[in-house]
Amino acid sequence: MMESLSTPMRRFVAIALLFGALYCLLSLILFPSLDFMGDKLAERADARFERARLEAVLNGPQDTLPPAIETGLLVAATDDDIAAMALTEHVSRLILSSGQGLSNELVQPVKVGQQDIVAVDLVLAGPEVEIMRFISSAETGRPMLRFVNWKLAGDEGNTGQLRLTARVLAAWKVP
């Protein structure tokens with residue numbers, strides 16, 4: 001079939017076949033490689049951006065975390081013995097303000113062995129209303145107090161009387 005064509009036409013067909021073969025070769029090898037390299041370049045650009053963002057976060061101003069417990073909720077003292085005495089006085093004042101019917105059998109500071117925590121053991125007896133008023137005012141007031149290992153039982157021999165045995169914890173901090 002090529003013999004029937006003229007020489008210039010043969011050259012034209014040969015060049016067209018050569019360009020067609022080159023295009024096929026490029027589309028099979030070079031174009032996928034370029035696409036792959038483009039993806040990798042985009043990933044590198046994203047990684048550079050992320051690294052710059054993280055460096056800016058690290059080198060920027062550091063946010064300080066707020067305290068776990070608000071300062072007003074802590075017992076202010078210079079050491080744990082003074083904090084234990086302050087807690088003992090505070091619990092005694094709460095007992096007195098909760099009602100005339102409460103009998104304070106024991107309010108004693110206790111070592112708990114945990115830094116920044118003080119404890120008081122207490123034993124109270126009195127009418128249910130006044131015991132509940134004391135517990136409510138202790139747990140909702142300032143400084144923040146929490147009752148642990150507590151037991152509420154009827155007092156022997158006195159009807160309508162309750163006996164509260166508890167350990168009261170509070171956190172303290174140097175002012």
Q | Sequence-separation-based contact order of the chain, relative, with Cα cut under 8 Å and 6+ spacing, percent | A | 20 percent
(Q) With unit charges on the beta carbons (Lys and Arg positive, Asp and Glu negative) and the dipole taken about the Cα centre of segment 132-175, which residue among S137, W172, N149 sits farthest to the positive side? (A) W172
(Q) Can you show me the helix-derived [θ] at 222 nm for the chain, built from DSSP H runs with n ≥ 4 at -39,500 (n - 2.57) apiece and divided by the number of residues, rounded to the nearest 500. (A) -15500 deg cm²/dmol
Q: Pop out the carbon and sulfur fraction of the accessible area of the chain as a percent, whole number, probe 1.4 Å.
A: 62 percent
Q) Taking the convex hull of the alpha carbon atoms in segment 97-145, what volume per residue do you get, in Å³? A) 75 Å³
Q) Under 17 Å Cα-Cα from K173, which lysines qualify once same-chain neighbours fewer than 8 residues away are excluded? A) K111
Q) In percent, how large is the relative contact order of segment 84-145, given Cα pairs closer than 8 Å and 6 or more residues apart? A) 33 percent
Q) Which order do peptides 133-142, 50-59, 117-126 fall in by mean Cβ count within 10 Å, highest first? A) 117-126, 133-142, 50-59
Q. So how far, in whole Å, is the C-alpha centre of segment 77-133 from the one of segment 3-48?
A. 89 Å
Q) For the chain, what does the equivalent ellipsoid look like in terms of its semi-axes, each the square root of 5 times an eigenvalue of the Cα gyration tensor, given largest first in whole Å? A) 90, 20, 11
Q. In units of 2.2 N^0.38 Å, what is the alpha-carbon radius of gyration of segment 81-173?
A. 1.04
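The values are calculated or read from the model by the stated rules, or taken from the named source; none is laboratory data. Every value quoted in this text rests on a predicted model; they were computed, and no experiment measured them. When we count neighbours, we look across all protein chains shown, and the Cβ atoms used for this are built from the backbone with ideal geometry, even at glycine. Side chains included, ligands, DNA and RNA excluded: accessible areas come from the protein's heavy atoms. Shrake-Rupley method; radii C 1.70, N 1.55, O 1.52, S 1.80 Å.
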